[in-house]
Amino acid sequence: MKHIFTTYRYAIIVLSSLLVLSCTLQTNKRHYIIGVSQCSEDSWRTKLKAELEQSTYFHDGIDLRIMSADDDVQMQKQQIHELIAQGIDLLIVSPQQTHSLSDAIKEATEKGVPVIMFDRKSDVKDYTAFMGADNFAIGEMMGEYAASQLGGIGNIIEIAGEHGSSPAMERHRGFNEAISRYPGLKIIGYAEGDWKQNSGDEAMSKILSGMHGTDIAIDCIFGGNDRMALGARSALERYSQSHPGALRRMPSSVIYLGVDALPTPGGGIEKVQQGLLTASAIYPTHGNELMDLAVAILQGEPFEKNTGMETSIVTSANAKVLLMQYKEIITQDEYIKKMQTRVDSIMKELDTERTLLFFIVLVVVIVCVSLVGTVRTIKIKHRLNEHLKQKNHELELQKETAERQRDELEEQRDKLIEATMHNQQNKEQDDEMLYDDEKADFRQQNEFIQKFNRAVDDNMSNSDLSVEDIGDIMLLSRVQLYRRVKAMTGKSPVEIIRERRLKRANLLLADTSLSVSEIAYRVGFASPSYFTKCYKDFFGHSPKGT
Ligand code: FRU
């Protein structure tokens, strides 16, 4: 029994451990917190954010925390500090300016947090990786494009991006480098904006306010990004209206160049298609590649320290095709999102089913262990029963032998009495008694026998009842009892006692539904088998109970 309980205990311990193990295995997948510090909040960064979020679907266990500083250096510093305090495993940062965020970025590198510089650079040198397009090349490409559109001759105005930010500086350098190759090209106005459309408008207005005369020749405007180029165009259009005849070229025939070429609604490509921008350089977001790089770093896989992003120019010749392609990508994207939602719900169902299955297996195993235990218990019980039966049988045999020997002893004793009947003194006494009995009439004899029978009947169920006990009841010695009973019935008291027991048994067999054994005990046999033997000797057939 103890053994069975130990088996149960072990089974339950093993199964519970399995349950705990499976739960921990499920939850034990490495989770990473990736902090993203964005310098601004605009359509380009919204696209990047969406791509980053979407790409987490393809990497398990990524907790993405994105913060945008809205072109506020102090706020960006604070946000980087907060992200580090939150325990991020990696920092992606687009520093608003090259110098102003160095301390915050250093805080991360000093704390061992890998840093990916994205799109914009900082003067911190021990960053982990950089990913972004080559802004110098972009500026240069747009300079070359301006030269080709103007045939190498013309006046250009440049509205550069935010002062101190790396893309602004690099685009400016690249553009000017290209322009310097064409002596017929002149940059007649330069101002800086802050990447927003409004700042382009303001910068252009400022430049125009410094121009006087009636023959202002502006052939091309290069904006540090599309929004500022569009802002500058608005300012020029307003100026043209307020100063009729002042501009040599009408605003609609001026070349407007920008950077970004977002394919999203209202983005640069759409503006090129609408003719509001002449051309724009693609400044890719590639959020998914950025996420791949972050995960590679976190997982200790090999990665490139500097990842460039390809760029290209969008003009009215390819704007439509690019927009169509983008729409197609969006459709596919939405389809993927739907699929992802579906996969998510299937995974949830699977999770529930897996847990359910585990519990079913657990129950089945517990049932099996119980069954094995029960079978073992039954077997042990059966073995014990067999043993008990064997012991009972042995006991029964012993009882039978004892009872038989007791009867044999009684018979021996009766024979002894017979033998001693020749003893003189006894003989005299007996003769006297026999004389008395002879003298006694039939009625008295009958009374004696009835008394004897009653004494037997009253004590019938007592298997220890002896001739002495009956003698005690009848106030006679064993010898006297023997002699009188023998004289009156021709049988010894032992014989009569056994006969009465057997006859009563016969009646009980006929009238009751008691079993042979029960009847045997009722009529004073201690051993049912000895009873059966005596019964058979007396009646000539075996007792048949129910
Ligand atoms: C977006 C943006 C883009 C520009 C880039 C430069 O915040 O201003 O328009 O190309 O940042 O970092």
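Bear in mind that the values in this text are calculations on the coordinates, not laboratory data. Worth saying up front: this structure is predicted, and the values here are computed from it rather than measured. So basically every Cβ, Gly included, is an ideal-geometry build from the backbone, and we count neighbours across all protein chains shown.
For the stretch 107-125, which residues satisfy the criterion of being touching a residue at least 12 places away in the same chain (Cβ under 8 Å) and either within 16 Å of the ligand (Cβ to nearest atom) or of a type in the set (D, E) (or both)?
Once the filter is applied, which keeps residues that are touching a residue at least 12 places away in the same chain (Cβ under 8 Å) and either within 16 Å of the ligand (Cβ to nearest atom) or of a type in the set (D, E) (or both), the stretch 107-125 yields E107, I116, M117, F118, D119, R120, K121, S122, D123.
What number of residues in the stretch 208-233 are farther than 16 Å from V254 by Cα and surrounded by fewer than 23 Cβ atoms within 10 Å (Cβ to Cβ)?
Qualifying residue count for the region: 6.
If you take the residues of the stretch 447-496 that are hydrophobic (A, V, I, L, M, F, W, C) and not in a helix (DSSP H, G or I), which of them is nearest to A520 (Cα to Cα)? Steps first, answer last, please.
Taking the stretch 447-496 and keeping what is hydrophobic (A, V, I, L, M, F, W, C), we get 448-449, 452, 455-456, 460, 465, 467, 470, 473-476, 479, 481, 485, 487-488, 494, 496.
Keeping just the survivors that are not in a helix (DSSP H, G or I) gives 460, 465, 475-476.
On the way: M460: 11, L465: 14, L475: 29, L476: 28 Å.
That would be M460.
Residues that are within 13 Å of the ligand (Cβ to nearest atom): which strands (runs of 3 or more DSSP E) entirely in the stretch 129-235 hold 3 or more of them?
The strands (runs of 3 or more DSSP E) meeting that bar are 129-133.
Could you look through the stretch 507-541, keep only residues that are among the hydroxyl-bearing types (S, T, Y) and in a loop (DSSP other than H, G, I, E, B), and pick out the one that is surrounded by the most Cβ atoms within 10 Å (Cβ to Cβ)?
Among those that are among the hydroxyl-bearing types (S, T, Y) and in a loop (DSSP other than H, G, I, E, B), it is S527.
Considering only residues that are touching a Lys or Arg at 6+ places or on another chain (Cβ under 8 Å) and in a strand (DSSP E or B), look in the stretch 60-85 and name the one that is surrounded by the fewest Cβ atoms within 10 Å (Cβ to Cβ).
Selected residue: I66.
Please verify whether the stretch 282-296 includes one or more residues that are closer than 16 Å to A319 by Cβ, out of contact with any His (no Cβ under 9 Å at 6 or more places or on another chain) and β-branched (V, I, T).
There is at least one residue in the stretch 282-296 that is closer than 16 Å to A319 by Cβ, out of contact with any His (no Cβ under 9 Å at 6 or more places or on another chain) and β-branched (V, I, T).
Do we find that A104 is away from the ligand (no atom under 16 Å from the Cβ), of a type in the set (G, A, S) and not in a loop (DSSP other than H, G, I, E, B) in this structure?
Values: away from the ligand (no atom under 16 Å from the Cβ): yes; of a type in the set (G, A, S): yes; not in a loop (DSSP other than H, G, I, E, B): yes.
Here the answer is yes, as A104 does meet what is asked.
Show the residue pairs that are 6+ apart or on different chains and have beta-carbon atoms under 7 Å apart, the first residue being within the stretch 203-226 and touching a residue at least 12 places away in the same chain (Cβ under 8 Å) and β-branched (V, I, T), the second being away from the ligand (no atom under 16 Å from the Cβ) and in a loop (DSSP other than H, G, I, E, B).
Sorted first by the residue in the stretch 203-226, then by its partner, the pairs are T214/G245; T214/A246; I216/A246; I216/R248; I218/R249; I218/V254; I221/V254.
Of the residues A296, A246, A317, A279, which single one is surrounded by fewer than 17 Cβ atoms within 10 Å (Cβ to Cβ) and touching a Ser or Thr at 6+ places or on another chain (Cβ under 7 Å)?
On the way: A296 fails: touching a Ser or Thr at 6+ places or on another chain (Cβ under 7 Å); A317 fails: touching a Ser or Thr at 6+ places or on another chain (Cβ under 7 Å); A279 fails: surrounded by fewer than 17 Cβ atoms within 10 Å (Cβ to Cβ).
Just a single option satisfies the conditions, and that option is A246.
Matching residues to (1) crowded, with 17+ Cβ neighbours inside 10 Å; (2) hydrophobic (A, V, I, L, M, F, W, C); (3) farther than 30 Å from E334 by Cβ:
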| residue | (1), (2), (3) |
| --- | --- |
| S43 | no, no, no |
| L52 | yes, yes, no |
| G87 | no, no, yes |
| L91 | yes, yes, yes |
| I105 | yes, yes, yes |
| K121 | yes, no, yes |
| F136 | yes, yes, yes |
| S148 | no, no, yes |
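Which count do you get for residues in the stretch 39-66 that are within 13 Å of the ligand (Cβ to nearest atom) and within 20 Å of I297 (Cα to Cα)?
2
State all residues of the stretch 100-141 that are in contact with a Lys or Arg (Cβ under 8 Å, 6 or more places away or on another chain) and hydrophobic (A, V, I, L, M, F, W, C); if no residue qualifies, say none.
Residues satisfying the conditions are L101, A104, V124, A129, F130, F136, I138.
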